[in-house]
Amino acid sequence: MAAAGPVGRRRSRVTWDDYAEAWSGLHGGFDPRRASPVVRGWVLTAYTVGVWLGRRRVSPMTVTTIGLLVCVAVPFAARGSLLLAAFLILVAAAADGLDGAVAVITDRVTKIGFVYDSVADRIGELAWLAAFWVAGAPGWLVTAAGAASWLHEYVRARASAAGMSEIGVVTVGERPTRALIAGLGLVLITVIDRPWLPVALWLALQFAGLAQLSVAVRRALR
């Protein structure tokens, strides 16, 4: 994506307000300053760490690639330790929020970076679900959960291409929810030997999120 808002101008220091405005422009007008404390805190943390990384000339592509490699390692880690796999998901989720922050703060937001980040997200989620298959979840359930989450993102992307100018709605099935289910789900399996349970919850929330998104898309494009 092209740089948006005041961050599009070169400056030595990007303030929180500058970052929030630019972040909003890249996320369909959703202003993190008016979000819930959890979302606002997450974006503010990403901004703070992003400033630190930007000063050390770490590129957003590098952060995205590190996050992707960590995701790919998750199912392999799950063969030996589900707790390690859950920790890697936490690391990957952190990297996912930081690549965009570094891009905005360093004025290096690009269209190719946006596409790469989106593809990396989908591959990463596939790796998370593969960890549940390694842990014993049915293959058909894992496949259905993956397809539902991809459909969720596809509907939003096609709606944006059709003219929906805003994010539409923050559903119960967004990527942070998937990361939470993946990480906590692997931990839960170490206590309750029900590897299908977190995947079933993932699938249910994707269907619920898709229903929410469908209503928002219909209203936006009517």
remark   = Flagged pairs (Cβ under 9 angstrom, 6 or more apart or on separate chains; first in region 13-30, at pLDDT below 85; second open to solvent by 50 Å² or more (accessible area, probe 1.4 Å) and of a type in the set (S, T, N, Q)) are GLY28/SER160; GLY28/SER165; GLY29/SER165
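For residues that are in a helix (DSSP H, G or I) and surrounded by fewer than 17 Cβ atoms within 10 Å (Cβ to Cβ), tally how many sit in region 74-90. Outline the logic, then answer.
Of all residues in region 74-90, those in a helix (DSSP H, G or I) come to 74-78, 82-90.
Among the residues that remain, those that are also surrounded by fewer than 17 Cβ atoms within 10 Å (Cβ to Cβ) are: 76, 83-84, 90.
Here the count works out to 4.
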request  = Quickly run through region 139-170 and pick out the residues that are part of a loop (DSSP other than H, G, I, E, B) and either farther than 18 Å from LEU205 by Cβ or of a type in the set (Lys, Arg) (or both).
outcome  = GLY163, MET164, SER165, GLU166
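Is there a residue being farther than 20 Å from ARG79 by Cβ and of a type in the set (A, V, I, L, M, F, W, C) anywhere in region 126-139?
Step one: filter region 126-139 for residues farther than 20 Å from ARG79 by Cβ, giving none.
Taking every residue of region 126-139 in turn, none turns out to be farther than 20 Å from ARG79 by Cβ and of a type in the set (A, V, I, L, M, F, W, C).
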ask   = Only one of (1) open to solvent by 70 Å² or more (accessible area, probe 1.4 Å); (2) within 19 Å of ALA92 (Cα to Cα) fails for ALA179. Which number is that?
value = (1)
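Would region 46-63 turn up any residue that is of a type in the set (Gly, Ala, Ser), out of contact with any strand residue (DSSP E or B) (no Cβ under 7 Å at 6 or more places or on another chain) and more than 20 Å from VAL14 (Cα to Cα)?
Going through region 46-63, the residues of a type in the set (Gly, Ala, Ser) turn out to be 46, 50, 54, 59.
Remaining after also requiring out of contact with any strand residue (DSSP E or B) (no Cβ under 7 Å at 6 or more places or on another chain): 46, 50, 54, 59.
The next check asks that each one be more than 20 Å from VAL14 (Cα to Cα); those that pass are none.
Within region 46-63, none of the residues are of a type in the set (Gly, Ala, Ser), out of contact with any strand residue (DSSP E or B) (no Cβ under 7 Å at 6 or more places or on another chain) and more than 20 Å from VAL14 (Cα to Cα).
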task = Report yes if ASP31 is of a type in the set (Asp, Glu) and open to solvent by 30 Å² or more (accessible area, probe 1.4 Å), otherwise no.
result = no
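Residue under question is VAL104, and the condition is that it be open to solvent by 30 Å² or more (accessible area, probe 1.4 Å), out of contact with any Pro (no Cβ under 6 Å at 6 or more places or on another chain) and in a helix (DSSP H, G or I); does it hold? Spell out how you get there, then give the answer.
Values: open to solvent by 30 Å² or more (accessible area, probe 1.4 Å): no; out of contact with any Pro (no Cβ under 6 Å at 6 or more places or on another chain): yes; in a helix (DSSP H, G or I): yes.
In short, no.
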In region 183-222, the residues that are open to solvent by 40 Å² or more (accessible area, probe 1.4 Å) and under 14 Å from ALA86 (Cα atoms) = LEU184, VAL187, LEU188, THR190, VAL191
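Can you tell me how many residues within region 34-49 are open to solvent by 50 Å² or more (accessible area, probe 1.4 Å) and assigned to a helix (DSSP H, G or I)?
10
Based on what the data block shows, is ALA162 in contact (Cβ under 8 Å) with a residue 40 or more places away in the chain, small (Gly, Ala, Ser) and farther than 21 Å from GLY97 by Cα?
yes
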Criterion (of a type outside the set (Asp, Glu), at pLDDT 95 or above and open to solvent by 20 Å² or more (accessible area, probe 1.4 Å)) met by exactly one of ALA127, ALA162, ALA135 = ALA135
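The values are calculated or read from the model by the stated rules, or taken from the named source; none is laboratory data. Note that this is a predicted model, so its numbers are computed, not measured. FYI the Cβ positions are ideal-geometry reconstructions off the backbone, even for glycines, and counts take in every protein chain you see. Just so you know, the surface numbers come from the protein's heavy atoms only, side chains and all, with ligands and any DNA or RNA stripped out. Shrake-Rupley method; radii C 1.70, N 1.55, O 1.52, S 1.80 Å.
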